[in-house]
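Here's the structure we're looking at; comments come further down.
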Amino acid sequence: MGVEGSVVTCAPSAWRAIDSPVVADAVGLAKRFARTWALSASDLAVGAGERVFIVGENGSGKSTLLRLLAAATRPSWGAVSVSGYSTVTDADRVRRRVAFVPDRPALYGELTALENLRFSSVMHGVAAPEASLREMLRAVGLLHVADARVRGFSRGMGQRLALATAAQRADSRSGSASGVDLVLLDEPYAALDTQGTAWLDDWLETLRARGTAVVVATHQMTGRGAVGSRTVTLRRGAIVADEPAPTLAPPLVPPTVASPIIVAPTVVVPTRPTVRAASAVDRDHDWRRAWAVARKDLTTERRAVASLGAMAGFGALVLLMLGFALGADAGAAAPGLVWVTVLLASLLALDRASQIEIESGGWQGLRLAPGARWPIYAGKVVATAVLLLLVEAVLLPTAIILYALPVPPVRILLSLGGVAALATVGIAAAGTVYSALIASIRARQALLPLLLFPVMVPILLAAVKCTALLAGGDPLHELPGWTQLLAAADVVSLTTGLLVFGAVLDE
Amino acid sequence: MNRLANRPALGPILGGLALPTLLIGLYLGLVWAPADSQMGNVQRIMYVHFPSWIATAVGYLTAFVASVVYLVRRRPFWDHAAVAGAEIGVVFNIIGLVSGAIWGRPTWGVWWTWDPRLTSTAILLTIFVGYLLLRSFIEDPDTRARASAVVAIVGFVNMPIVYFSVRWWRTLHQVQSSPATVDPRMVLALRVMMVAAVLIAGSLIASRYELARLDDADERSGAPERSGSRRAMGIDPYEGATYG
């Protein structure tokens with residue numbers, strides 16, 4: 001693999017039917033999951049404007065092949081490049097050029113169709129005005145449910161919306177996103193009705209006319225889209241047949257392939273593939289992405305308000321049980337009891353934030369979004385911290401009532417709020433890393449406290465000390481030291497979180 | 001990692017050096033050095049207790065450094081080194097805690113106390129036990145390596161702040177004696193035992209690394225079948241890869 005520049009050159013496939021630049025090139029590509037090879041050494045080259053149907057039985061490796069092409073996962077062997085960029089060393093550039101609709105598209109149930117479309121656009125760096133988003137929904141026949149929550153959608157409606165998010169990107173060439181060179185669709189016809197199929201076929205024709213390469217995985221050849229397409233057959237993870245399109249017109253628009261992303265006009269081919277030219281536009285988009293992630297999580301929580309109630313109720317109940325256990329001693333231990341309860345409630349909040357992504361296939365969606373990873377992390381930390389602060393706002397008065405504590409004056413309450421904010425950011429910063437890391441593990445609820453609580457010791461100690469000092473009117477000269485410790489713990493957790501989150505999200 | 005396979009095994013070599021060093025150190029510590037003026041022969045547990053923390057540090061530091069390099073380079077090699085360091089670290093961490101408890105009972109009167117060094121090493125143990133547990137839950141070697149590397153890094157970088165917070169919270173541990181006030185024979189015995197500890201830890205880590213490598217080779221056994229690939233097999237997808 002050539003890694004000196006970022007453009008990887010590969011010999012064109014002998015099987016490639018049309019004479020156009022290679023967009024997607026897989027060489028000796030293989031992927032294993034544990035001991036099973038989902039895909040064994042496969043070669044595939046797809047030219048600009050070409051449409052390839054990958055057919056095969058269930059479990060033949062179609063989805064794996066698409067995920068490898070989309071840089072959603074790394075190959076175990078071999079190499080893939082898209083528009084000349086390696087999916088391993090230049091995954092970010094690949095993500096900018098690929099629109100991928102997986103078999104389980106990332107759609108958030110508590111968001112409306114329009115909000116889902118907008119979230120996807122923002123995450124992909126496409127600045128689309130609301131009118132154009134509605135226009136897209138009209139095109140796929142979802143305008144009448146634009147403001148309805150996706151939770152109530154049928155599978156076919158969900159499929160249409162997922163295709164709309166891909167089409168929105170492929171059709172847009174504004175913002176920091178360059179054009180999409182490759183569209184990957186996993187079982188796009190599944191659950192689509194006649195109208196939906198007709199729209200999809202039309203869109204596929206548009207893509208061909210524009211010179212965009214399309215790879216469709218399907219277990220059966222249906223629809224007009226299959227006509228005039230190259231067919232690649234997979235069986236047990238191996239390509240067993242590759243039939244060129246019977247009658248294929250050359251692409252109408254010769255596209256430019258391997259043209260590097262135009263971020264700054266002077267950049268043509270970057271000498272170091274890992275260094276991405278970050279422009280002011282990109283940075284602006286990063287902040288917008290962070291805000292979009294936080295808003296998405298908070299909107300979900302706001303609409304499923306019962307979950308916040310359940311967390312606060314759980315916390316209040318724990319305080320009550322601790323009151324029973326400690327009897328008259330509970331009052332003296334109140335600061336410690338409150339903060340231990342907050343840590344226990346944070347497990348629910350963190351698992352909840354992770355659950356939103358797991359249920360909706362959102363982790364994969366976030367992984368496919370190009371650009372820096374820190375906005376995703378920052379957005380999730382902010383959302384979790386806000387949620388936890390709300391729970392704490394319920395727990396503090398509960399503790400005051402249950403343990404017959406004196407009501408602190410406003411000045412002390414404000415200081416307590418500051419301490420709570422510092423402690424909560426620390427919990428959210430480390431907790432977001434761990435809950436995302438173990439999202440796909442069966443025993444994640446049991447593992448989360450085991451991983452999280454040891455590193456929460458400084459935050460617990462400092463928060464308890466600060467609270468006790470503030471509540472008890474003890475000599476407050478110790479307070480600055482403990483708040484500095486809280487701040488230091490926050491800085492350590494946030495910095496490591498920002499540094500490792502790319503690896504956490506990666507697959 | 002064929003070039004490593006051809007190398008003479010590091011584990012047995014270090015182990016061969018460790019054994020005589022350990023025997024000499026034990027003789028110096030248990031027989032030759034004088035008993036402590038206040039604690040008597042009980043104090044001789046120091047010759048096991050303190051070196052075991054050196055070995056713990058060697059293990060965890062190996063795990064941390066290897067995890068960082070793994071996330072940057074994504075080579076299985078570094079994951080094997082990380083798990084070797086973590087496991088050996090956990091073993092010596094337990095030895096250190098148990099020997100400390102045995103020492104603490106006659107001198108402090110309690111098995112356990114909320115002393116900062118004791119507490120923070122116990123927390124350290126839970127972090128790396130969590131690391132090993134997490135590994136046992138993930139079947140895919142690459143996913144396992146990536147996830148556990150993150151846990152090792154986050155856990156390790158939090159250790160100084162854990163230690164400071166606990167120390168600030170409460171302190172009891174005896175102040176370290178400076179070599180100037182101690183019988184030189186004690187100092188020599190302890191130094192020899194510390195060298196032995198480093199050699200033992202190095203030997204065990206090297207052997208455990210070898211085991212992890214063989215496990216991995218077994219897990220990844222069988223190259224993908226070729227279906228008329230244009231290029232010969234053996235293209236390494238991670239060549240020149242840097243994390244970014």
Self-check item: Residues (hydroxyl-bearing (Ser, Thr, Tyr), under 25 Å from A:ALA489 (Cα atoms) and away from every other protein chain (no Cβ under 14 Å)) located in the stretch A:397-434
Solution: A:SER415, A:THR424
Practice problem: Among the candidates A:VAL394, A:VAL410, single out the residue that is within 36 Å of the chain's Cα centre (by Cα) and either among the β-branched types (Val, Ile, Thr) or not assigned by TED's automatic domain parsing to the domain that holds A:SER435 (or both). | Solution: A:VAL394
Exercise. Count, please, the residues in the stretch B:6-41 that happen to be hydrophobic (A, V, I, L, M, F, W, C) and under 16 Å from B:ASP183 (Cβ atoms).
Key: 7
Quiz item: Here are some residues: A:GLY379, A:GLY418, A:GLY361. Which one is within 18 Å of A:ALA106 (Cα to Cα) and either surrounded by 22 or more Cβ atoms within 10 Å (Cβ to Cβ) or touching a Ser or Thr at 6+ places or on another chain (Cβ under 9 Å) (or both)?
Solution: A:GLY379
Quiz item: Between residues in the stretch A:300-314 that are in contact (Cβ under 8 Å) with a residue 60 or more places away in the chain and residues that are of a type in the set (Val, Ile, Thr), which pairs lie under 8 Å by C-beta distance while being six or more apart or on different chains?
Solution: A:THR300/A:ILE356; A:LEU308/A:VAL391; A:MET311/A:VAL391; A:ALA312/A:VAL391; A:ALA312/A:VAL394
Practice problem: Scan (1) within 14 Å of chain B (Cβ to nearest Cβ); (2) part of a strand (DSSP E or B) for the single condition A:PHE100 breaks and write down its number. | Solution: (1)
Quiz item: Is at least one residue of the stretch B:28-48 over 16 Å from B:VAL192 (Cα atoms), touching a Gly at 6+ places or on another chain (Cβ under 9 Å) and modelled with pLDDT of 85 or more?
Solution: no
Exercise. Give, as residue ranges, the strands (runs of 3 or more DSSP E) completely inside the stretch A:176-277 that count at least 1 residues that are among the acidic types (Asp, Glu) and modelled with pLDDT of 85 or more.
Key: A:182-186
Quiz item: Does A:ALA45 count as over 14 Å from A:LEU184 (Cβ atoms) and either within 14 Å of chain B (Cβ to nearest Cβ) or modelled with pLDDT under 85 (or both)?
Solution: yes
Self-check item: Residue satisfying condition, being under 22 Å from B:ALA57 (Cβ atoms), polar (S, T, N, Q) and within 8 Å of chain A (Cβ to nearest Cβ), within set B:THR126, B:THR121, B:THR143
Solution: B:THR126
Self-check item: Filtered residues of the stretch A:124-135 (kept if at pLDDT below 90 and of a type in the set (A, V, I, L, M))
Solution: A:VAL126, A:ALA127, A:ALA128, A:ALA131
Quiz item: Scanning for something modelled with pLDDT under 85, touching a Pro at 6+ places or on another chain (Cβ under 8 Å), crowded, with 22+ Cβ neighbours inside 10 Å and within 10 Å of another protein chain (Cβ to nearest Cβ), does the stretch B:222-237 turn up at least one residue?
Solution: yes
Quiz item: A:THR89: under 24 Å from B:ILE138 (Cβ atoms), within 23 Å of the chain's Cα centre (by Cα), outside any strand (DSSP E or B) and among the β-branched types (Val, Ile, Thr), yes or no?
Solution: no
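Each row is one residue, and each column tells you yes or no for (1) of a type in the set (D, E, K, R); (2) within 14 Å of another protein chain (Cβ to nearest Cβ); (3) closer than 22 Å to A:PRO370 by Cα.
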site: A:ASP25; (1), (2), (3): yes, yes, yes
site: A:LEU29; (1), (2), (3): no, yes, no
site: A:TRP37; (1), (2), (3): no, yes, no
site: A:ARG74; (1), (2), (3): yes, yes, yes
site: A:SER83; (1), (2), (3): no, no, yes
site: A:ARG95; (1), (2), (3): yes, yes, yes
site: A:THR112; (1), (2), (3): no, no, no
Quiz item: If only one of A:ALA439, A:ALA428 is under 30 Å from A:LEU366 (Cβ atoms) and not in a helix (DSSP H, G or I), which one is it?
Solution: A:ALA439
Quiz item: Just a yes or no: is a residue in the stretch A:475-486 in a loop (DSSP other than H, G, I, E, B), facing chain B (nearest Cβ under 9 Å) and more than 21 Å from the chain's Cα centre (by Cα)?
Solution: no
Quiz item: Given the structure, is A:GLU115 surrounded by fewer than 24 Cβ atoms within 10 Å (Cβ to Cβ), of a type in the set (Asp, Glu) and assigned to a loop (DSSP other than H, G, I, E, B)?
Solution: no
Quiz item: Listed residues B:ILE95, B:ILE102; which is more than 8 Å from every other protein chain (Cβ to nearest Cβ) and under 14 Å from the mean Cα position of the chain (by Cα)?
Solution: B:ILE95
Quiz item: Does any residue of the stretch A:148-170 turn out to be more than 18 Å from the chain's Cα centre (by Cα), surrounded by fewer than 22 Cβ atoms within 10 Å (Cβ to Cβ), modelled with pLDDT of 85 or more and among the aliphatic types (A, V, I, L, M)?
Solution: yes
Quiz item: Which of (1) in a helix (DSSP H, G or I); (2) of a type in the set (A, V, I, L, M, F, W, C); (3) in contact (Cβ under 8 Å) with a residue 12 or more places away in the chain is the odd one out, the single condition A:LEU405 does not satisfy?
Solution: (1)
Self-check item: The listed residue being within 26 Å of A:ARG51 (Cα to Cα) and assigned by TED's automatic domain parsing to the domain that holds A:VAL98, out of A:ARG160, A:ARG118
Solution: A:ARG160
Quiz item: In the list B:ALA201, B:ALA196, B:ALA180, B:ALA206, which residue meets the criterion of being assigned to a helix (DSSP H, G or I), within 30 Å of B:LEU22 (Cα to Cα) and at pLDDT below 70?
Solution: B:ALA180
Quiz item: Being over 25 Å from A:ALA34 (Cβ atoms) and not in a loop (DSSP other than H, G, I, E, B), is that true of even one residue in the stretch A:53-72?
Solution: yes
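The values are calculated or read from the model by the stated rules, or taken from the named source; none is laboratory data. These numbers come from a predicted model, not from an experiment. Note that each Cβ is placed from the backbone with ideal geometry, even for glycine, and that neighbours are counted across all protein chains shown.
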